[in-house]
1. On full extension of the chain, what length is gained from GLN68 through ARG47, given 0.36 nm per residue of separation minus the C-alpha to C-alpha distance?
2. Using the per-residue mean of other Cβ atoms lying within 10 Å as a proxy for protection, in what order, highest first, do the peptides 63-70, 98-105 fall?
3. How much length would be gained if the chain were fully extended between ARG104 and ARG59, taking 0.36 nm per residue of separation minus their Cα-Cα distance, in nm to one decimal?
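Read-outs: derived from the displayed coordinates by stated rules, not from any lab. The model shown is predicted, which means the values in this text are computed figures rather than measured ones. Backbone-built Cβ (ideal geometry, glycine too); neighbour counts: all protein chains shown.
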Amino acid sequence: MKRKHSLLAAIGAATLLVGLGTGTASALVADGAIAQEQSRSEQGEARREMRAGNQLSLRQIESRVLPQMRGSEYLGPSYDSTARAYRLKFIREGRVTYIDVDARTGRIINRSN
């Protein structure tokens, strides 16, 4: 009888862990979906501003910054619609560098490691 009780307790604990894991996974998926939606919204804002002639395209900004980062691997951009700035991410020898660029002028406004 004791053995049966131990087995049931183990099954109950495993079920609880699976349930918690599923909840955590669901929360992570939901957070990812929110972040993706925000990213799409910001990308759309960047396109609207570029079409309106209020800022440079990402390609124009990259063509100005990438040559200055020779020897680094370009990991990609993100856009901040509030600041109207692109953040370009690079890595070199294990160090990540962020280059913030004013989308209206193409001027580098910040560089951080």
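1. The span from GLN68 to ARG47 would gain 5.1 nm if fully extended.
2. Taking the mean over residues of other Cβ atoms within 10 Å, the ranking is 98-105, 63-70.
3. Length gained between ARG104 and ARG59: 14.9 nm.
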